[in-house]
1. Could we say that residue 299 is in a strand (DSSP E or B), modelled with pLDDT under 95, out of contact with any His (no Cβ under 7 Å at 6 or more places or on another chain) and surrounded by 19 or more Cβ atoms within 10 Å (Cβ to Cβ) here?
2. Please name all residue pairs, on different chains or six or more residues apart, with Cβ atoms under 8 Å, provided the first residue is in segment 261-290 and is within 20 Å of residue 142 (Cβ to Cβ) and modelled with pLDDT of 95 or more and the second residue is of a type in the set (Lys, Arg) and open to solvent by less than 30 Å² (accessible area, probe 1.4 Å).
3. Considering 142, 183, 163, which residue is in a strand (DSSP E or B), among the small types (Gly, Ala, Ser) and either open to solvent by less than 10 Å² (accessible area, probe 1.4 Å) or out of contact with any Gly (no Cβ under 9 Å at 6 or more places or on another chain) (or both)?
4. How many residues does segment 304-340 contain that are without any contact (Cβ under 8 Å) to a residue 60 or more places away in the chain and part of a loop (DSSP other than H, G, I, E, B)?
5. Given the criteria open to solvent by less than 20 Å² (accessible area, probe 1.4 Å), assigned to a loop (DSSP other than H, G, I, E, B) and more than 30 Å from residue 188 (Cβ to Cβ), does residue 349 qualify?
6. Across segment 324-342, which residue is nearest to residue 217 (Cα to Cα) among those that are open to solvent by 30 Å² or more (accessible area, probe 1.4 Å) and within 22 Å of the chain's Cα centre (by Cα)?
7. Go through segment 333-369 and give me each residue that's over 22 Å from residue 274 (Cα atoms), at pLDDT 95 or above and of a type in the set (A, V, I, L, M, F, W, C).
8. How many residues are more than 19 Å from residue 283 (Cα to Cα) and either surrounded by fewer than 21 Cβ atoms within 10 Å (Cβ to Cβ) or basic (Lys, Arg) (or both) if we restrict to segment 352-377?
Amino acid sequence: MTEHARYVIIGAGIHGLSTAWNLARRLRATGKGEGADVLVIDKDGVAAGASGVACGVVRNNYFQPAMRELMAHSVGVWESDPDAFAYHGVGYVQIAPEVMRSDVEQIYAEQRAIGYDSELVVGEAACREYMTAMFSDWQAPGISVVLHEKRGGYANNVASLKGLTIKAEAEGVRIRTGVRVTGLSVDGGAVTAVQTDEGDIRCDELVVAVGPWIRDIWAMLDLPDRISVTGRDGTVHADRPMWTYWALQEGTLEVDPSEFVDNRGKLPPVLHVDSDQPLYDDTDGSLITDEIWGIYYKPDFSFGGVQGGAAPMPVARPAAEVAIDPYGPHSPEFVVGEDFVRMWTSALAHCHKRFEGKRELYRREPSGGIGAFTPDSFPVFDVFRQNAYVIADANHGYKMLGVGELVAGELLGERSVLLEPFRFSRYETGRLHPTSNSPFPWS
């Protein structure tokens, strides 16, 4: 069968559903259409991809000004309906060593410049006092800077996607799952139809919001898998892969989340610790690493414990050879292993006395996933083939709930200043985002 939809959105994750909801309500409000003009398709189901395995952290802790402004907008969207989005605005704390001090100070200064509420603490003695006032069992040495964002926090991944689904369908958006995209029809330089295993769907506009599957739709758009990238210094780096996969490292310590509270008995903010101190195995005392490392963690009732992760691990082979399916916990290849369990539980013990000797409480269940990173590890939001809007989030995705609102505006002819720094053309012009000293590729 062949059908038609003005707007076809591929992907029922955070970006696809957010774009559908915002587009539908904008169409209705402006008299330019209605929700039924928007069709979301997904080869599996709502929250079946990266959004469904996300740990749910919502933060504005970015060294890059463009990312920071974009995230300030997204935090506002999370705060607009915390019940529907299953959002917990507990705040976010960045805890870092001296080597990252200037980076964090810059983040704080620029947060203040945009009116984003945060508190900065500098110096080892002051940082220790601040952290022990929050947690009496805090014990991580070598901390020189603490940035406490009073906004931000975390959301329940699946529940927030259900909330978005309800909002989108209330606006009349059609969501069809179990529909696999097999190709794209292009005529006159524009995408005219999405080919699926259930027939063709003709479209006027296409939105690609497929997370780690972007590699495959990118190829269907006949876009290059290798590009030249001009550095910020003007040096041209030829033949760089457009997509590189990284394996996410996350898990859960099965302790009562209501017991991981601060000194006031309240649930704490999300904690992110970067450290240049040697990290030793909490069980046998052997050295895990003497290079800079980082973890993040939070008590989370939806996960039933203290949940968090560490820096992702690069998948050491070309993107074309990476098996994306089965995805996440169902993958026999990309679930986290014992190296992560050893590192993460030891790092928790490094930070809090209460977590010493708790490795046996690590939940032994499959967890993890993979993300498709761009050449500079930051998102691409742009139009290709005249009418194909690509949302390639470089694994920053789940927290960026507000991107859908901005994309919906662009689909209706409103150019977004917040999305402008993320155009594909930056790789040719050298307008890349600055990088920090963080061990995480997305900070």
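The values are calculated or read from the model by the stated rules, or taken from the named source; none is laboratory data. All of these numbers come straight from a predicted model, not from anything done at the bench. FYI the Cβ positions are ideal-geometry reconstructions off the backbone, even for glycines, and counts take in every protein chain you see. The area values use the complete protein model at the heavy-atom level, side chains included, leaving out ligands, DNA and RNA. Shrake-Rupley method; radii C 1.70, N 1.55, O 1.52, S 1.80 Å.
1. Working: in a strand (DSSP E or B): yes; modelled with pLDDT under 95: no; out of contact with any His (no Cβ under 7 Å at 6 or more places or on another chain): yes; surrounded by 19 or more Cβ atoms within 10 Å (Cβ to Cβ): yes.
No, not satisfied.
2. Listed by first residue and then by second, the contacts come to 271/298; 272/59.
3. Values: 142 fails: in a strand (DSSP E or B); 163 fails: in a strand (DSSP E or B).
After ruling out the rest, the residue left standing is 183.
4. From segment 304-340, those without any contact (Cβ under 8 Å) to a residue 60 or more places away in the chain are 304-306, 316-317, 321, 323, 325-326, 330-333, 335, 337-339; that's our starting set.
Checking the rest, the ones that are also part of a loop (DSSP other than H, G, I, E, B) come to 304, 316-317, 323, 325-326, 331-333, 335, 337.
Looking only at that region, the number is 11.
5. Details: open to solvent by less than 20 Å² (accessible area, probe 1.4 Å): yes; assigned to a loop (DSSP other than H, G, I, E, B): no; more than 30 Å from residue 188 (Cβ to Cβ): yes.
So residue 349 does not fit the description; no.
6. Taking segment 324-342 first, the residues open to solvent by 30 Å² or more (accessible area, probe 1.4 Å) are 325-326, 329-330, 332-333, 335, 337-339, 342.
Now restrict to residues that are within 22 Å of the chain's Cα centre (by Cα): 325-326, 329-330, 333, 335, 337.
On the way: 325: 15, 326: 17, 329: 23, 330: 22, 333: 23, 335: 24, 337: 30 Å.
It comes out as 325.
7. 361
8. Start the filter on segment 352-377 by keeping residues that are more than 19 Å from residue 283 (Cα to Cα), which leaves 365-377.
Adding the requirement that they be either surrounded by fewer than 21 Cβ atoms within 10 Å (Cβ to Cβ) or basic (Lys, Arg) (or both) leaves 365-366, 375-377.
Residues meeting the conditions: 5.
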